[in-house]
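The values are calculated or read from the model by the stated rules, or taken from the named source; none is laboratory data. Here the structure is a predicted model, which is why all the values come from computation and not from measurement. Counting neighbours? That spans all protein chains shown, and the Cβs are built from the backbone with ideal geometry, glycine included. Only protein heavy atoms, including side chains, enter the accessible area calculation; ligands, DNA and RNA are left aside. Shrake-Rupley method; radii C 1.70, N 1.55, O 1.52, S 1.80 Å.
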Amino acid sequence: MADASATEAWRDRLDADRRARDRQSDCILSLWAAAVLVLMLLYICIGPNPYQHEITLDPLTGGAETSPVNRLVWLGLLGLAAPILWFRRADIPAMGLRLAPLLALFVWFALTTRWALDPAVSTRRLILYVVNLVICVAIVLGLKDSRRLHLGLAVGCAILVAIDLGSWAVAPGVSMTPLGLAAIHSHKNTLGAVMLLSAFVCGTCAWSRETWREQLFWWIVTALSVVLLIASLSKTSLALFAALACATPLIVLIVAQRRLVRAGLLTLAGLVLACALFGWLAFNAVNGTDPWAPFAGVTFTQRTDVWAFVWDEFLKRPLRGWGFGSFWDIDPAVQPSLQTDAWFARPDAFTNEAHNGFLDLAVTTGLVGLVGAIVIFLRWIGGGLSLIRASLGEGHRRSLGAALVLGVFPLMVFGHNFMESSYFTANSIFGTVLLLLGIEIERRLIRA
């Protein structure tokens, strides 16, 4: 009897030691994944050419000059992420099954490189985005906790805020451009996008902290990021920040309601919009005026010209598209925008995107790629909102703060892509962060 008790105690000690080692290994791996996350965030926000506020054109291609450092950095990040995938290899099959729709979309992207306008560029850009995907999967599997992911993003954003503030203070002449503050970034709109991300991530982090010291620190970082956002004079980012500040509490309020109430609120909103549209059309019919007259001169800073051109090119290959990433910044002998006399084809009016992410996907990957990308986008939006609702039931501030990032950020990027191109765009700030958060949403839904 005594021997049996001693054996049982010995086994308990072994189990306790094993659990302690597992916890220590998990902590070390999480710290490693967080470091990769911060490094990746710093690189996509700063880029390989800090303080280069003017676009340098490649004389051979006529497109934006590609830095050879870019692929080396991404391969370096991939090398740093490889050990995480090895130690988390047991979780890869389940993640692969959950990411099956996304992987199928990447297969279609790979097929489009076969008929791309510039196959070499198309293939390179797809490989780079696959590297982005693998690194994001490694980070998510390494952290295995949305709260850790949220904190890692917040730490990266805080470092960026410190870098930009230091740049503005130490080198104001280099940091300021005629259009607005750019600091260490390539353009003032890039700084605006970075500070929009920082204000949102750090603001939700501040709200979710439990001690007043932590809250004070993160609220200060949030306030400084807003100051930098205003100094950037980026109208798009400022408008999106105002929309986020107003919409986030409303989203939480709606998601917290029962399903019947949510359906009723959405139906009511649809009826209000329909009544407003009907009233506007009726008013113009009675007065004999054109209902589209107020919008006749709206060009969204000449975006409508680019949209019309890209739409016409899409109609030439509506199903297959012109090849993933094979429309802008490619061989000038085949680049469609350079074969026209439109204003955006001139050297002094450099344009390398449609300023609409959905149009860019349509023209490069065709209707198949566009529909697949939208389905995945809606899947992430729905999954993120469901995670907010689940976190409200838990009643834990840190869980809710992380869920807000997962649920609200995809909605913001969805709206942002009607004016800019970031969805499935390599080296894009919002595109890379969205891919990371989308994979985390899929991981969370595996557990659910």
* **For segment 69-105 versus segment 144-221, the gap between their alpha-carbon centres in whole angstrom** => 27
* Structure fact -> For segment 303-448, the percent of accessible surface on carbon and sulfur atoms (probe 1.4 angstrom, ligands and nucleic acids excluded) is 61
* Structure fact -> Computed over the chain: longest principal axis from alpha-carbon atoms vs helix 357-394 long axis, angle to nearest 10 degrees, is 40
* Asked: Under a GNM of the chain (C-alpha, springs under 10 Å), which listed residue has the highest mean-square fluctuation: 312, 341, 290?
  -> 290
* Hydrodynamic radius of segment 218-353 per Kirkwood, over alpha carbon pairs, in Å -> 20.3
* Skip the ligands, DNA and RNA, and give the accessible area per residue of the chain with a 1.4 Å probe, whole Å². => 49
* If one takes the longest principal axis of the Cα atoms in the chain, at what angle in degrees, from 0 to 90 and to the nearest 10, does the Cα axis of helix 212-232 lie? -> 20
* Given charges of +1 on the Cβ of Lys and Arg and -1 on the Cβ of Asp and Glu, with all other atoms neutral, how large is the dipole of segment 168-278 about its Cα centre, in debye to the nearest 20? -> 260
* Structure fact -> Expected max-MSF residue from 438, 203, 393 in the GNM of the chain (alpha carbon, under 10 Å) is 393
* **Within the chain, helix-based [θ] at 222 nm, where runs of 4 or more DSSP H residues each add -39,500 (n - 2.57), nearest 500** => -25000 deg cm²/dmol
* Value of D in µm² per second that Stokes-Einstein yields for segment 287-445, Kirkwood Rh from Cα pairs, at 37 °C (0.692 mPa s) -> 186
* Asked: Binning every alpha carbon pair distance of segment 74-216 at 10 Å from zero, what are the percents per bin?
  -> 10, 24, 30, 27, 8, 1
* For helix 2-46, what angle does its Cα long axis make with the longest principal axis of the chain, in degrees from 0 to 90 and rounded to 10? -> 20
* Which order do the peptides 256-266, 365-375 take when ranked by the mean count of other beta-carbon atoms within 10 Å per residue, highest first? => 365-375, 256-266
* Which residues make up the longest stretch of the chain that has no GluC sites (Glu not before Pro) in a DSSP loop with at most 16 other Cβ atoms within 10 Å? -> 211-448
* Structure fact -> In whole Hz, the Karplus estimates of ³J(HN,Hα) for segment 301-314 (6.51, -1.76, 1.60; θ = phi - 60°; x where Gly or Pro) are 6, 6, 5, 4, 5, 5, 4, 4, 5, 5, 4, 5, 5, 4
* Asked: In segment 124-193, carbon and sulfur make up what percent of the accessible area (probe 1.4 Å)?
  -> 72
* Structure fact -> Inverse of <1/r> over all distinct C-alpha pairs of the chain, i.e. the Kirkwood Rh in Å, gives 24.0
* Using 7 Å Cα-to-Cβ label points, what is the residue 282/residue 342 separation (nm, one decimal)? -> 3.9
* What Kirkwood radius, in Å to one decimal, follows from the Cα pairs of segment 161-200? -> 9.9
* Amide H contacts under 5 Å for residue 181, placed H, 5+ residues apart -> 232, 233
